[in-house]
Amino acid sequence: MTIIDPSQVPSRTGSNYPDCFKPVVAGREKKRLGDAAGIKNFGVNLTTLAPQSLSALRHWHTKQDEFIYVLSGELTLITDAGESILKSGQAAGFPAGEANGHCLYNHTNEIATYLEIGDRTPNDSGNYPDDDLVAIATEQGWQFTHKDGTSY
């Protein structure tokens, strides 16, 4: 067992997206609580999203499940079905293999925080329906290509 003080977990800003996509998530900050606890099978991130910022490019995973739980603020969940407002205390899940791209947008003037939980099933890929981007999980981390397979 590991007890974690989130204020002591380093923050990670930015993204490993190709450079042309990095500005999209410039207002996102993550604290990798799961890593701090030594958890290997799934990740848990305490994520802060600045006003008018996106959590990610709209995406879905072939093998990995994702789940979010809003701790504070209000976020717009954007999916193939449109937009839904998520408030503090609400959650959403994104089953692996369900081709329904999703992302969160902080449409307010207040900071929003949420827990982001996802498994680490190997051989996953991330698909980005709105962008010319595919992410492939490798042992070295995510590798990004264009949809035609050429590298960034």
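The values are calculated or read from the model by the stated rules, or taken from the named source; none is laboratory data. No experiment lies behind these values; they were computed from the predicted model shown. When we count neighbours, we look across all protein chains shown, and the Cβ atoms used for this are built from the backbone with ideal geometry, even at glycine. These accessible areas exclude ligands, DNA and RNA; they are computed on the full protein's heavy atoms, side chains included. Shrake-Rupley method; radii C 1.70, N 1.55, O 1.52, S 1.80 Å.
What to note about this one:
- Considering segment 3-20, and only residues there that are assigned to a loop (DSSP other than H, G, I, E, B) and either modelled with pLDDT under 95 or over 28 Å from residue 136 (Cβ atoms) (or both), the residue that is most open to solvent (accessible area, probe 1.4 Å) turns out to be 3.
- Test for residue 117: is it buried (at least 19 other Cβ atoms within 10 Å of the Cβ) and either part of a strand (DSSP E or B) or polar (S, T, N, Q) (or both): no
- Tabulated pairs, segment 123-152, first touching a residue at least 60 places away in the same chain (Cβ under 8 Å), second in a strand (DSSP E or B) and not hydrophobic (A, V, I, L, M, F, W, C), C-beta under 6 angstrom, 6+ apart or interchain: 124/61; 126/59; 126/61; 128/59; 135/126
- Matching option when the condition is over 27 Å from residue 146 (Cα atoms) and either within 11 Å of the chain's Cα centre (by Cα) or β-branched (Val, Ile, Thr) (or both), among 24, 70: 70
- Filtered residue count, segment 65-85, keeping only those that are under 23 Å from residue 137 (Cβ atoms) and either open to solvent by less than 30 Å² (accessible area, probe 1.4 Å) or of a type in the set (Ser, Thr, Tyr) (or both): 2
- Taken over segment 38-52, the residue count meeting the criterion of being more than 16 Å from residue 118 (Cα to Cα) and touching a strand residue (DSSP E or B) at 6+ places or on another chain (Cβ under 6 Å) is 2.
- When the test is whether a residue is farther than 19 Å from residue 17 by Cβ and either of a type in the set (S, T, N, Q) or in contact with a strand residue (DSSP E or B) (Cβ under 6 Å, 6 or more places away or on another chain) (or both), residue 119 passes it.
- Scanning segment 23-63 for residues that are at pLDDT 95 or above, assigned to a helix (DSSP H, G or I) and either hydrophobic (A, V, I, L, M, F, W, C) or open to solvent by 30 Å² or more (accessible area, probe 1.4 Å) (or both) returns 23, 25, 33, 35, 36.
- Verdict on residue 4 being touching a residue at least 24 places away in the same chain (Cβ under 8 Å), touching a helix residue (DSSP H, G or I) at 6+ places or on another chain (Cβ under 9 Å) and either within 25 Å of residue 129 (Cα to Cα) or not basic (Lys, Arg) (or both): yes
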